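Student: Okay, here's the structure, questions in a sec.
The values are calculated or read from the model by the stated rules, or taken from the named source; none is laboratory data. The shown structure was predicted, so the numbers you read here are calculated from the model rather than taken from an experiment. Here the Cβ positions follow ideal geometry from the backbone for every residue, glycine too, while neighbour counts run over all protein chains shown. For accessibility, only protein heavy atoms count, side chains too; no ligands or nucleic acids. Shrake-Rupley method; radii C 1.70, N 1.55, O 1.52, S 1.80 Å.
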Amino acid sequence: MCIRDRDEHAVSIQMQDTATSTLFTPLFLRQFSSQTNLVAYFNDSSELFTTRDLQRGDRYTVFAPILEGGNTQLGALIAAAPKGDDPYYEDICNSCLQLPEHLSGTSDAERMLADVNNITASSATPYEKACAIMRHLQRYYRYTLTPDVPPDSQDFVTYFLYVGKEGYCTYFASAMTVLCRMAGLPARYVEGFVAQPGADGFAYVTGKDAHAWTEVYFEGFGWVPFDATPQQQEMGGDNQQDQQQPEPSPS
């Protein structure tokens, strides 16, 4: 991966409460350093865990570049990445291009495929396709914490795209994941937290900062996060759990 060393950032995390064994990190983790007795390991999904549950006072530092889809310079780096010798690409395509079974061969799927082809018609590269899908969702769909509840008989993403046309991060991330897969882009739905540092450089992250986004895999480069949710008027996260809305089953 051709990201310059000066793009690497150090992010320190200190737990203020007990938690699960999940270690919170950005993508492209290059180095992990623990200030307490934490032993870290990866699972098959590239998630980082420790051998015990996190406790108040646990502190660790990670070093990684901070990337986000939509940046033109990032597109140039992805375009320059070597193709053809990525050992993970085939397996990722096999698992992250699949669509929900209930959509296969339906008129809804045909409609979405036609729309995504129109959205990406002028895109010359896979990265430009992902950016076009993200910007389409940001432009034509409205952010709200109180969307209408899709009926049980209606596909979640289809309802969002063609009926409700509004929602919070779960809606936007689910839609972008499905549309990217229809465009031939390996994509996955991801949940985590938004960390927005204040003037003092510290970000205080709670359950209210919960968020969801999409990650798209580019051959020879790796996963890149894309946040299709429109700007939320200085809201840290979506806090969708507090709204008692039904959680979908994302792809």
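Student: Hey, can you tell me all the residues within region 50-63 that are under 21 Å from Asp17 (Cα atoms) and open to solvent by 40 Å² or more (accessible area, probe 1.4 Å)?
Tutor: If the condition is that a residue be under 21 Å from Asp17 (Cα atoms) and open to solvent by 40 Å² or more (accessible area, probe 1.4 Å), then Thr51, Arg52, Asp53, Gln55, Arg56, Arg59 are the ones that fit.
Student: Considering only region 64-76, state which residues are open to solvent by less than 80 Å² (accessible area, probe 1.4 Å), among the hydrophobic types (A, V, I, L, M, F, W, C) and touching a strand residue (DSSP E or B) at 6+ places or on another chain (Cβ under 8 Å).
Tutor: Scanning region 64-76 gives Ala64, Leu67, Leu74.
Student: If I filter region 27-50 for residues that are within 30 Å of Leu161 (Cα to Cα) and aliphatic (A, V, I, L, M), do I get at least one hit?
Tutor: Yes, there is a match, as at least one residue in region 27-50 is within 30 Å of Leu161 (Cα to Cα) and aliphatic (A, V, I, L, M).
Student: A further question on this structure: If I filter region 158-216 down to residues being among the polar types (S, T, N, Q) and closer than 22 Å to Arg142 by Cα, which single residue comes out as surrounded by the fewest Cβ atoms within 10 Å (Cβ to Cβ)?
Tutor: Thr158
Student: Can you tell me which condition Leu54 does not meet? The list is (1) in contact (Cβ under 8 Å) with a residue 12 or more places away in the chain; (2) within 30 Å of Lys129 (Cα to Cα); (3) not acidic (Asp, Glu), and all the others hold.
Tutor: The one condition Leu54 does not meet is (2).
Student: Could you tell me whether Ala228 is under 15 Å from Thr170 (Cβ atoms), touching a Lys or Arg at 6+ places or on another chain (Cβ under 9 Å) and at pLDDT 90 or above?
Tutor: Answer is yes for this residue.
Student: Out of region 77-94, which residues are open to solvent by 60 Å² or more (accessible area, probe 1.4 Å) and either hydroxyl-bearing (Ser, Thr, Tyr) or in a helix (DSSP H, G or I) (or both)?
Tutor: Ala79, Ala80, Tyr88, Tyr89, Glu90, Asp91, Asn94 - these are the residues of region 77-94 that are open to solvent by 60 Å² or more (accessible area, probe 1.4 Å) and either hydroxyl-bearing (Ser, Thr, Tyr) or in a helix (DSSP H, G or I) (or both).
Student: Under 8 Å between Cβ atoms, at least 6 apart or on separate chains: pull out the pairs that start in region 88-109 with a residue that is modelled with pLDDT of 95 or more and end on any residue that is β-branched (Val, Ile, Thr) and open to solvent by 40 Å² or more (accessible area, probe 1.4 Å).
Tutor: Cβ pairs passing all conditions: none.
Student: What single numbered condition from (1) at pLDDT 95 or above; (2) within 22 Å of the chain's Cα centre (by Cα) fails to hold for Gly70?
Tutor: (1)
Student: Looking at Leu29, Leu54 in this structure, which one is farther than 17 Å from Glu191 by Cα, in a loop (DSSP other than H, G, I, E, B) and at pLDDT below 85?
Tutor: Leu29
Results for (1) part of a loop (DSSP other than H, G, I, E, B); (2) open to solvent by 50 Å² or more (accessible area, probe 1.4 Å); (3) touching a Gly at 6+ places or on another chain (Cβ under 6 Å), shown as yes or no for each residue.
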{"site": "Gln98", "(1), (2), (3)": "yes, yes, no"}
{"site": "Leu113", "(1), (2), (3)": "no, yes, no"}
{"site": "Asn117", "(1), (2), (3)": "no, yes, no"}
{"site": "Tyr127", "(1), (2), (3)": "no, no, yes"}
{"site": "Leu137", "(1), (2), (3)": "no, no, no"}
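This table checks each residue for (1) within 29 Å of Ala80 (Cβ to Cβ); (2) among the hydroxyl-bearing types (Ser, Thr, Tyr); (3) in contact with a strand residue (DSSP E or B) (Cβ under 7 Å, 6 or more places away or on another chain).
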| position | (1), (2), (3) |
| --- | --- |
| Ile133 | yes, no, no |
| Thr144 | no, yes, yes |
| Thr158 | no, yes, no |
| Tyr171 | no, yes, no |
| Arg181 | yes, no, yes |
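Student: Within region 43-65, is even one residue of a type outside the set (Val, Ile, Thr) and touching a helix residue (DSSP H, G or I) at 6+ places or on another chain (Cβ under 8 Å)?
Tutor: Yes, that holds for at least one residue.
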